[in-house]
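Working notes for the structure below.
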Amino acid sequence: MSTLVIVESPTKAKTIRNYLPRGYRVEASMGHVRDLPRSASEIPPEVKGEKWAQLGVNPDDNFAPLYIIPSDKKKVVKTLKDALKDADELVLATDEDREGESISWHLLQVLNPKVPTKRMVFHEITQEAIQSALENCRTIDDQLVHAQETRRILDRLVGYTLSPLLWKKIAGGLSAGRVQSVAVKVVVNREQQRRAFRKGSYWDLKASLLKDKSAFEAKLYSLAGTRLANGSDFDESTGQIIAGREVVLLDEAQARDLQARLLEGVWTVSNLEERPNTRKPSPPFTTSTLQQEANRKLRLSARDTMRVAQNLYEQGYITYMRTDSVHLSQQAIEAARSCVETKYGKEYLSPKPRQYATKSKGAQEAHEAIRPAGSTFRTPAETGLSGRELSLYDLIWKRTVASQMAEARQTNITASIEVEDAIFRATGKRIDFPGFFRAYVEGSDDPDAAIEGQEVLLPNLNTGDALGCTDLEAIGHETQPPARYTEATLVKVLESEGIGRPSTYATVIGTIIDRGYVRLVNNSLIPTFTAFAVTALLEQNFPDLVDVHFTARMEQTLDDISTGGVDWLPYLKEFYSGDKGLETQVHTRETQIDPTAARTVVLDDLEAKVRIGRYGPYIEIGDGEESVRASIPADVPPADLDEEQIERIIKQKVEGPDKVGLHPDTGEPIFLRIGPYGPYVQLGEATDDNPKPKRASLPKGMKAEDITLESAVGLLRLPRLLGEHPETGKPIKASQGRFGPYVIHDQGKDGKDYRSIKGDDDVLTISLERALELLAQPKTGRGRGKATPLKELGNHPDDGELIAVFNGPYGHYVKHGKVNASVPEGVELESITVEQALEWIAAKAKTKGGKAKKGSTAKSGTSKSGTTKSGTTKKSTKTGTTARTTKTAAASKASGTKRTTKATTTKATTTKTSTTKKSTTRKSTSAKDDAADSSD
């Protein structure tokens, strides 16, 4: 008997094949094999004339979807059909969530099997899980299919109904989405808060104190019995103290007077308070918490996090990565507790196994948290993974293991110090027992270092102790606007408000960036002026569609459909059709929306008008023939556009570009211009003979007003030859590109080696020696460039291959062939010998079950049998059509029930600091954690 098993991807097929008995053939569907038409060319000829054809859904036929097989999936379908001809049984083994269930249902419709068909589900790819799944196959879950299809139809109705309206009223190429538009509004609202923000200023004092030669610091807390003002006491919209707050507000003069008066006073400990507390470990990861922590710790986008997690799941390293559940199976709990006892000792185990409850009402159907796969957790070092896969696995491993560890016990200490009528406070923290901190500290890559960093030790103080004051600083502060969202904080807000579902957050954030509604700059999400215009149009005309609570209720209804609590058809009719439906709303409002008003971004504090044009946002001053228009540079955030910037932009438009000077080589004028992508210098005028004169963008951090003739000439001369590489004799140059300045070693046939120029290094002044230092460092970022060894130890005695020391994300390691072995903690780079390296390499190879030799691999896993046959893209003019196709007998068997319609109806402020130390002033900045955190 032969069985055909279908999964989504070739990687998953390759892994699962290792765990199936003889007679099983595994093929990949490459995701969905059917979808709604993406363009007019995909609409079948027989329905092209229908008014609903562009929508891809027929509202007049109970919202019947028009499914087609995309041209790039036709070869995949043929491969699957050919494979099915030789099979006695079909097993659909797609993912266990709504999307996976939908893929299986569509496969059933397309393949129309004549053999028995089963649905196989699992949430990890291990021998035990696959064997259990084979023994417990089920039928297709129609409720899950309904839920996914309803979401897909709803998304199409919203997007394809509203987007054409945006094209007519604002600009072409714009899009609206059920969750996408709400996510954009959340980001826009934060930018509006930043624009409305008014800074406040206040001063305080910081004392450097001494007790028995032990130094510590204390800050002024109160004066004459009244608390000193801090950043949280200010109204963000006025920059003044919030009405009713009883606080002392010091200005600079008062702070300096107080500084002089207290410096010579008698400093005495007036009170000591110790408050013991405990901290419990966080639950294991869900999809959203993994995205948030990976963004904070690893600087991975939500999209990249999901790509890497998918790879780990499909290779059998972690459980399914799309889940809202924090539950751990008994097997996982035992595996985690075994890791704790082995690595940290029994005292670090929680007294009894911890089980976490899922709080999300609409939790995805995947029933377990994200954790290492299997009944025994491989340590990160045992996986043979590298790069992002290793980093993410390490994060998941630590979080899962920490969830079964003992609480951390700590004591917070507050010492009050009196001097005249002032009270200063010194705060400390003592870690009494680190508990789960040993494995995992949120926001930190190094738990041990984080534990040390959390401890703030004070000297042994007693009430009445006299202290010495060695220094007293007067410090000025300015409150800061609310922080912009990062991907992590936006995911947190979307989840807490019930907007979208975690499985879609990565797609939604990626979409709003790709569509130009949001720019990602230094991990901050900055909305564009186009986002302001689109949000304003939707708020004014379709408020429900961008209302957070309305969207959350919609999500809950869609979840209820997946459990059978709500019928999908009445809900779609209520949402789209009828007097209050979306279709009617759009038809009614379209004629009432003035395109000029829709393209205008209202910024109340500016006289100039900001409008959205065909080529981006621009400023308009004046009316009629007297009006002046000028593009707004793309790097100007809406919250930061002010009268001064507008004046500079308009001045250059009216008077022409600023002339920096004449080029010393050619005598041509050099101009400073401001374009859509920021300021740049240009050599000469654009003429018929020279339509594209040489231009160079100003490097990040260089302001237009700071440009000199020397720096302009230097930028125009890029790329700059620094010299030759001492080993290859090939040229090394400094230049800049779309991602900023860099140095490049052109190695001819061996390719080009790049390194970014960052920090204090300058593309105009960097030397050959410094460039060589940068090129000697391992590559970082997205690329997997060949790393340069820190130290070459010698050749392996067996095969003569080089053994060298490299630097990785978790410290130094030695490498021989494909075997990497970590250098033990505390071993200095210069002291490492080839003999030590041979021992570490042999030990590492032994953990892999193999011998350290040429060509050995450090990556663990079972050897594969068979090959994976995957479909390739092939264009075709054929289109297939089906609209709610009828199930065959085999399909009905697999589904278990026919699809029917039920007659049920739906039911804190940060501060910027400047310091006066005695008679001097300095500036410093402290950052505030943003309380708010990030769709279809």
| note | Here the residues within the range 213-241 that are over 18 Å from Ala196 (Cβ atoms) and of a type in the set (D, E, K, R) are Lys213, Glu217, Lys219, Arg227, Asp233
| Out of the residues in the range 174-220 that are modelled with pLDDT of 95 or more and among the hydroxyl-bearing types (Ser, Thr, Tyr), which is surrounded by the most Cβ atoms within 10 Å (Cβ to Cβ)? | Ser181
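Which helices (runs of 4 or more DSSP H) does the range 93-195 wholly contain that include 1 or more residues that are under 24 Å from the mean Cα position of the chain (by Cα)? Step through it out loud before you land on a result.
Working: elements: 98-111, 127-135, 142-169.
Fully inside the range 93-195 and qualifying: 98-111, 142-169.
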| Being among the β-branched types (Val, Ile, Thr), closer than 30 Å to Pro164 by Cα and either out of contact with any His (no Cβ under 6 Å at 6 or more places or on another chain) or at pLDDT below 90 (or both), is that true of even one residue in the range 630-650? | yes
| request: Kindly list the number of the only condition in (1) among the small types (Gly, Ala, Ser); (2) in a loop (DSSP other than H, G, I, E, B); (3) crowded, with 24+ Cβ neighbours inside 10 Å; (4) at pLDDT 95 or above that fails for Gly464. | output: (3)
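Scan the range 530-550 residue by residue and report those that are in a helix (DSSP H, G or I) and closer than 13 Å to Ala598 by Cβ. Before you say what the answer is, go through the steps one by one.
Step one: filter the range 530-550 for residues in a helix (DSSP H, G or I), giving 530-541, 543-546, 548-550.
Result: Thr530, Phe532, Ala533, Val534, Thr535, Ala536, Leu537, Leu538, Glu539, Gln540, Asn541.
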| request: Residues being part of a loop (DSSP other than H, G, I, E, B) and among the small types (Gly, Ala, Ser): count how many of those fall in the range 738-752. | output: 1
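What do you reckon, is Ser735 of a type in the set (S, T, N, Q), within 26 Å of Val636 (Cα to Cα) and at pLDDT 90 or above?
Numbers: of a type in the set (S, T, N, Q): yes; within 26 Å of Val636 (Cα to Cα): yes; at pLDDT 90 or above: yes.
The answer is yes for Ser735.
Can you confirm whether Pro283 is at pLDDT 95 or above and either touching a Cys at 6+ places or on another chain (Cβ under 8 Å) or assigned to a loop (DSSP other than H, G, I, E, B) (or both)? It would help to see each step written out before you state the result.
Working: at pLDDT 95 or above: yes; either touching a Cys at 6+ places or on another chain (Cβ under 8 Å) or assigned to a loop (DSSP other than H, G, I, E, B) (or both): yes.
Taking the combined requirement at face value, the residue satisfies it.
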| task | Residues being of a type in the set (D, E, K, R) and within 30 Å of Asp604 (Cβ to Cβ): count how many of those fall in the range 210-250. | result | 4
| message | For the range 390-411, which positions are in contact with a Gly (Cβ under 6 Å, 6 or more places away or on another chain) and outside any strand (DSSP E or B)? | response | Ala406, Glu407
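Given the criteria within 33 Å of the chain's Cα centre (by Cα), surrounded by fewer than 19 Cβ atoms within 10 Å (Cβ to Cβ) and not assigned by TED's automatic domain parsing to the domain that holds Tyr517, does Arg695 qualify?
Numbers: within 33 Å of the chain's Cα centre (by Cα): no; surrounded by fewer than 19 Cβ atoms within 10 Å (Cβ to Cβ): yes; not assigned by TED's automatic domain parsing to the domain that holds Tyr517: yes.
When the stated conditions are applied, Arg695 does not pass them.
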| request: Kindly indicate whether any position in the range 421-431 is buried (at least 23 other Cβ atoms within 10 Å of the Cβ) and among the aromatic types (Phe, Trp, Tyr). | output: yes
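Does the range 64-92 hold any residues that are of a type outside the set (Gly, Ala, Ser) and not in a helix (DSSP H, G or I), and which are they?
Pass one, the range 64-92, residues of a type outside the set (Gly, Ala, Ser): 65-70, 72-82, 84-86, 88-92.
Scanning the range 64-92 gives Pro65, Leu66, Tyr67, Ile68, Ile69, Pro70, Asp86, Asp88, Glu89, Leu90, Val91, Leu92.
Output the residues belonging to the range 601-610 that are surrounded by fewer than 18 Cβ atoms within 10 Å (Cβ to Cβ) and either touching a strand residue (DSSP E or B) at 6+ places or on another chain (Cβ under 6 Å) or of a type in the set (A, V, I, L, M) (or both).
First pass over the range 601-610, keeping only residues surrounded by fewer than 18 Cβ atoms within 10 Å (Cβ to Cβ): 602, 604-607.
Those that are surrounded by fewer than 18 Cβ atoms within 10 Å (Cβ to Cβ) and either touching a strand residue (DSSP E or B) at 6+ places or on another chain (Cβ under 6 Å) or of a type in the set (A, V, I, L, M) (or both): Val602, Leu606.
To keep it simple, each residue is scored yes or no on (1) surrounded by fewer than 24 Cβ atoms within 10 Å (Cβ to Cβ); (2) at pLDDT below 95.
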residue: Val266; (1), (2): yes, no
residue: Leu290; (1), (2): no, no
residue: Lys297; (1), (2): yes, yes
residue: Arg307; (1), (2): yes, yes
residue: Gln310; (1), (2): yes, yes
residue: His327; (1), (2): yes, yes
residue: Gln330; (1), (2): yes, yes
residue: Tyr344; (1), (2): yes, yes
| note | Of the conditions (1) closer than 26 Å to Asp432 by Cβ; (2) part of a loop (DSSP other than H, G, I, E, B); (3) not basic (Lys, Arg), the single one that Leu272 does not satisfy is (2)
| request: Pull up the range 559-588, narrow it to residues that are over 16 Å from Val57 (Cβ atoms) and hydroxyl-bearing (Ser, Thr, Tyr), then point me to the one that is nearest to the chain's Cα centre (by Cα). | output: Ser562
| message | It is to be established whether one or more residues within the range 717-737 are assigned to a loop (DSSP other than H, G, I, E, B), among the hydrophobic types (A, V, I, L, M, F, W, C) and under 36 Å from the mean Cα position of the chain (by Cα). | response | yes
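The values are calculated or read from the model by the stated rules, or taken from the named source; none is laboratory data. Nothing here was measured: the structure is a model prediction, and the numbers come from that model. Because the Cβ atoms are built from the backbone with ideal geometry, glycine has one as well, and the counts that use them run over all protein chains shown.
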